[in-house]
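The values are calculated or read from the model by the stated rules, or taken from the named source; none is laboratory data. Nothing here was measured: the structure is a model prediction, and the numbers come from that model. Note that each Cβ is placed from the backbone with ideal geometry, even for glycine, and that neighbours are counted across all protein chains shown. With ligands, DNA and RNA removed, areas are computed over all heavy atoms of the protein, side chains included. Shrake-Rupley method; radii C 1.70, N 1.55, O 1.52, S 1.80 Å.
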Amino acid sequence: MSLPLFETARAHRERTALADPDDPVAFGDLLDRSAAGATRLLAGRDDLEGARVAILVTPGRAWVEAVWAVWRAGGVAVPLAQAHPEPELAYALDDAEPEAVVADPELVDRIAGVARSRRIPVLQTPALFRDGPSGALTEPDPGRAALMLSTSGTTGRPKGVVLTHANLEAQTTSLRSAWGWSEEDRILLTLPLHHVHGIVNVLLCALRSGARCDVLPGFGAEAVWDRFARGGLTLYMAVPTVYRRLIQAWEVADDPTRARWSQGAATLRLMVSGSAALPVPTLERWEEITGHRLLERYGMTEIGMALSNPLDGERRAGHVGRPLPGVEARLVDEDGRTVPTGEAGTIQVRGPGVFQEYWRRPEATREAFTDDGWFHTGDRAVVQSGAWRILGRESVDILKSGGEKISALEVEDVLRGDAEVEDCAVVGVPDPEWGERVCAAVVLRAGSDPDGEVAPRLRARARSHLAPWKVPKEVRVLEELPRNAMGKVQKPRIARIFQDDPETLP
Ligand code: MLC
Ligand code: AMP
């Protein structure tokens, strides 16, 4: 049995799969080097049998080689965020219990300590993929787990979302058909590779199509514009914050630069936005300066992409289109009954792209699905004249900042660890740059100095424990948290306090 992804790679051995950022890498190279990596990971065994291997590798050829090596050895790849501080990495290792970590030499120091104390070996790129004895590899069955991605939930700490090879194949098949992918496509990757957006929509769709992916190791507005201007690209996909930053860079550029950038962008065939609501002004300004009407789509780590505006046809502003090929979607009320057309409800999704389970959380997995297999997304929407419109989330405790999902409860737990904090509430405040800005209201213990260095101290605490996007951009001391008659903290009221009277960062 062979996975379609690797069949495609074999059929395109001589063609360029990646440019990293300028060096071309052929599909054949990726196959050969990942085979060497798989053989080393196996160390004499036939199959990793679903063992996890954590990946702390910069987007580029080594990332693909590492993940393919894990898959070809029968393991589950667990991509880690490069920006994670030690406690986040430690949590990820304790949760996934990987048998090894694959890390770039320049990232090894970040994880070496936490890996050593857990007796997890760290294998370094690119040495892992050097020529060596390559054993016979038996590719895993499509039903086996391939990828574990971390997602924030309403229950505090992040959960592992387990996707099988068949899930990934279903997700890429759906998107390739909906967005007209072919081997002639060339996409620019600037998204991080610890999320479904960068991994599936950009990288795996390209590799599975026999197309080419040009990689920038991170996002920079000028670098992206310059890459558009150099020509040759056909596709770009990003989160709304990125399009806003690109617009801002264009606005301050001189006329010749603007002209060069706009002309370059106009040569692409499709630009896609997702992972958070695309503000209509961003959609409109982008269309004015590039001629591209962004295709907005809706997805989630657990399900891949579910809804999309059409490749051909009307892309309605503020809407996310309709269900993608192979995806069933419906709106339900609180009792789980399908709502009448035109009424708001919560999105449920079913289909072959939907994930297998939350890692080692059978209860959470059970609760996320109905008896007949619909996944409950927690996002509210309404269908207007055939197009779906996202209305927001059911839970006030799930925030989205710059496309990163954040659990308010997880941030609150860290802030409560400060000796002076009696209580706190973390909220998402509507923000033109981030979509939502993470803000924290804190109540101090009696006797604490309210004029002291509370905000910088709490931000520093958050920074040392949490990924950078979870660090509150603003911290305010309140006398008490507003509560309703039942004693429940009224988060929308707290968000309004920050909204009505925005403060600059301390
Ligand atoms: C970085 N910072 C953020 C942030 N990213 N703060 C809030 N939200 C974020 N998302 C912090 C930095 O640590 C820094 O803090 C300050 O903000 C400015 O940093 P920067 O250098 O300007 O940010 P940058 O590194 O350029 O990152 C911004 C970004 C990045 C938008 C390019 O966040 C990004 O790539 N986001 C995409 C995430 C993604 O792929 N999501 C898809 C999820 S999957 P300080 O204090 O040090 O100044 C999904 C499903 C679906 O949602 O539908 O696709
Ligand atoms: P994640 O859990 O990080 O995969 O993020 C998924 C969430 O992002 C969804 O549940 C939505 O809340 C949000 N999301 C993704 N795409 C869109 C979109 N186009 N509009 C609004 N919200 C979106």
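Things to note:
- Accessible surface for the range 398-500, divided over its residues, is 45 Å² per residue with a 1.4 Å probe.
- Once the chain from residue 363 to residue 269 is taken as fully extended at 0.36 nm per residue, the excess over their C-alpha distance is 29.4 nm.
- Heavy-atom accessible surface of the chain: percent carbon and sulfur, 1.4 Å: 49
- Solvent-accessible area per residue in the range 314-394 equals 54 Å², computed with a 1.4 angstrom probe and all protein chains kept.
- The stretch between residue 423 and residue 255, if pulled fully straight at 0.36 nm per residue, gains 55.3 nm over its current Cα-Cα span.
- Relative contact order, percent, the range 68-209 [alpha-carbon distance under 8 Å, six or more residues apart]: 22
- Considering only the range 4-140, percent of DSSP beta bridges that pair antiparallel, nearest 5: 20
- Volume of the Cα convex hull of the chain, divided per residue and given in Å³: 158
- A straight line joining the Cα centroids of the range 77-101 and the range 49-65 runs 12 Å.
- Shown is the FRET efficiency for residue 118 and residue 13, computed with R0 = 60 Å from the Cβ-Cβ distance and rounded to the nearest 0.05: 0.95.
- Overall form of the range 224-315 per C-alpha gyration tensor (a/c, 1.5; a/b vs b/c): prolate
- Signed unit charges on C-beta, dipole axis of the chain, positive-most listed residue 317, 48, 30: 30
- Averaged over its residues, the range 16-165 has an accessible area of 36 Å² per residue, based on protein heavy atoms and a 1.4 Å probe.
- Relative contact order (%) - criterion: Cα under 8 Å, at least six apart; region: the chain: 12
- Per-pair calculated FRET efficiency, R0 = 60 Å: residue 131 and residue 500 via Cβ, rounded to 0.05: 0.45
- Euclidean distance of C-alpha centroids, the range 235-293 and the range 365-380, integer Å: 35
- Of the trypsin sites (Lys or Arg not before Pro) found in the range 128-179, the ones in coil according to DSSP and having at most 12 other Cβ atoms within 10 Å of their Cβ are 130.
- Loop trypsin sites (Lys or Arg not before Pro), the range 72-125, which have at most 13 other Cβ atoms in a 10 Å radius of their Cβ (DSSP): 118, 119
- A DSSP coil position with no more than 11 other Cβ atoms inside 10 Å describes none of the chymotrypsin sites (Phe, Trp or Tyr not before Pro) in the range 338-421.
- By the Stokes-Einstein formula, at 1.567 mPa s and 4 °C, the range 398-500 with its Kirkwood radius over alpha-carbon pairs has D equal to 95 µm²/s.
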